[in-house]
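Worksheet: the structure to be examined is printed underneath.
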Amino acid sequence: MAIQPPDAIDADGTAPAAVTDRRGRELRDLRISVTDRCNFRCRYCMPREVFGPEFRFLPRGEILTFEEIARLAGIFAAHGVRKLRLTGGEPTLRADLPALVRMLAQIPGVEVALTTNGSLLQHLARPLADAGLTRITVSLDSLDDAVFRRMNDADFPVAEVVAGIEAAEAAGFRPVKINAVVRRGVNDHTALDLARHFKGSGHIVRFIEFMDVGVSNGWRLDDVVPGAEIIARIHAEAPLVPAEPNYTGEVVRRWRYADGSGEIGAITSVTQPFCGGCTRARLSADGQLYTCLFAASGTDLRAPLRAGAADGEIAAIIAGRWARRDDRYSELRSQATAGLPRVEMSYIGG
Ligand code: SAM
Ligand code: SF4
Ligand code: SF4
């Protein structure tokens with residue numbers, strides 16, 4: 001299907017002015033969950049006790065089609081979104097993902113990125129690159145095979161993910177960003193090794209603080225390893241210098257190796273929240289719009305879409321919801337807020 005360029009995109013391909021929320025934050029990024037299913041059961045995200053054989057995943061008819069996703073993405077782009085990121089669940093489980101990437105890549109003024117557990121990248125990296133994907137982030141919590149298998153709780157070998165990263169590199173993705181969630185007593189002892197492995201490779205490891213996403217991952221503040229602690233450990237072995245943000249509102253704090261052999265990052269949403277610069281919306285696989293990762297409810301875009309609403313009507317719903325946005329969960333977080341209701345990350349899109 002050919003995507004019609006949204007009317008509001010400027011002729012030179014630049015994104016138009018974005019809508020702003022109650023805290024003056026623009027709507028610039030859209031994370032699109034293409035499936036709520038996953039072949040891993042990372043304990044911090046989809047613990048097996050909750051996401052077991054009885055768990056009711058979204059039925060096929062409730063999930064947005066590629067055409068519906070592309071139409072919504074075009075409307076978001078017409079209102080200032082510049083970056084689309086495909087996520088999930090595990091996005092590469094969605095059949096024929098490159099076809100969706102090809103449709104999204106035709107929308108003027110946006111780049112299309114992917115976050116994946118890397119398990120299927122050996123086969124998909126090249127078709128995704130050919131379809132127009134511009135960036136890949138691979139989640140890899142440890143290079144220690146036993147630790148990794150325990151964390152993904154699917155007995156998935158780390159060598160396959162490493163081979164997936166190599167396939168991404170061979171397909172032209174550089175740098176590949178490597179996301180590692182750090183949990184005290186689980187994998188923090190392997191963080192240094194992960195940094196060492198990718199130092200000088202051209203790829204960028206980012207350490208992520210364990211977050212209280214969803215309500216099923218048993219989050220405790222004691223399990224969070226502050227990003228600053230990890231950075232200090234690496235700095236003690238390989239001196240680091242702070243790097244400037246690439247753009248305003250960048251969520252990752254960046255450091256460069258003093259010897260010029262690359263960079264690393266820390267995503268410190270618990271110890272140093274960055275809600276003030278948060279320009280992200282999320283679209284769940286069944287077409288609900290969420291304005292925060294920690295939201296309890298979303299705004300239905302699928303119903304108007306399927307009822308035949310015009311682009312302008314859907315745009316008005318999106319703009320109206322964003323204009324009312326006041327979220328800043330990470331700035332208000334406490335052990336008490338961890339008990340508040342909210343949707344699971346695998347559903348809303350990480
Ligand atoms: N399945 C894909 C993957 O793992 O990359 C995409 C979806 S996953 C929900 C997106 C990102 O969220 C991953 O990098 C994952 O490590 C991160 N994540 C999941 N649960 C988390 C938690 N409790 N705290 C911090 N990051 C988390
Ligand atoms: Fe799956 Fe990604 Fe969640 Fe792990 S973090 S269970 S790979 S969706
Ligand atoms: Fe954005 Fe919500 Fe995360 Fe704050 S807590 S950075 S508002 S997604």
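Coordinate-derived values only; no laboratory data. Please read these numbers as outputs of a predicted model, since none were measured by experiment. No Cβ is skipped: glycine too gets one built from the backbone with ideal geometry, and neighbour counts run over all protein chains shown.
If I measure Cβ to Cβ between cysteines in the chain, which ones have no partner under 4.7 Å?
So, Cys38, Cys275, Cys278, Cys292.
Take Asp259 and Phe55, extend 7 Å from each Cα along the Cα→Cβ direction, and tell me the distance between the two endpoints in nm.
Modelled inter-label distance: 4.2 nm.
Quick one: check the C-alpha center-to-center distance for the range 86-147 versus the range 256-316, whole angstrom.
Rounded to whole Å, the Cα centres lie 17 Å apart.
Give me the one-decimal nm value for the distance between modelled label points at Ala232 and Ala310, 7 Å along each residue's Cα-to-Cβ direction.
6.0
Direction-averaged shadow area of the convex hull around the Cα atoms of the chain, nm²?
If I average the Cα hull's projected area over directions, I get 16.8 nm².
Given a Förster radius of 30 Å and the C-beta distance between Ala154 and Thr271 as r, what FRET efficiency does 1/(1 + (r/R0)^6) yield to the nearest 0.05?
Efficiency computed from Cβ-Cβ geometry: 0.50.
Based on the mean of other Cβ atoms within 10 Å per residue, sort peptides 69-76, 126-133 so the most packed one is first.
Order by mean packing, descending: 69-76, 126-133.
For every other residue with a beta carbon closer than 14 angstrom to the beta carbon of Asp188, add +1 if it is Lys or Arg and -1 if Asp or Glu, then tell me the sum.
Here the count lands on -3.
Please sort 305-312, 107-114, 196-203 by packing, taking for each peptide the average over its residues of neighbouring beta carbons within 10 angstrom, highest first.
In descending order of packing, they fall as 107-114, 196-203, 305-312.
Percent of Cα-Cα pairs per 10 Å bin, from 0 to the last occupied bin, for the range 50-137, please list those.
16, 47, 29, 7, 0
What does the range 252-350 give for Rg and for Dmax, in Å, if only its C-alpha atoms count?
17.2, 58
Sort His79, His189 so the one with the fewest other Cβ atoms within 10 Å of its own Cβ comes first.
Ranked by crowding around the Cβ, least crowded first: His189, His79.
What order do you get for Thr116, Thr65 when you list them from fewest to most C-beta neighbours inside 10 Å?
Ordered from fewest to most neighbouring Cβ atoms within 10 Å, Thr116, Thr65 come out as Thr65, Thr116.
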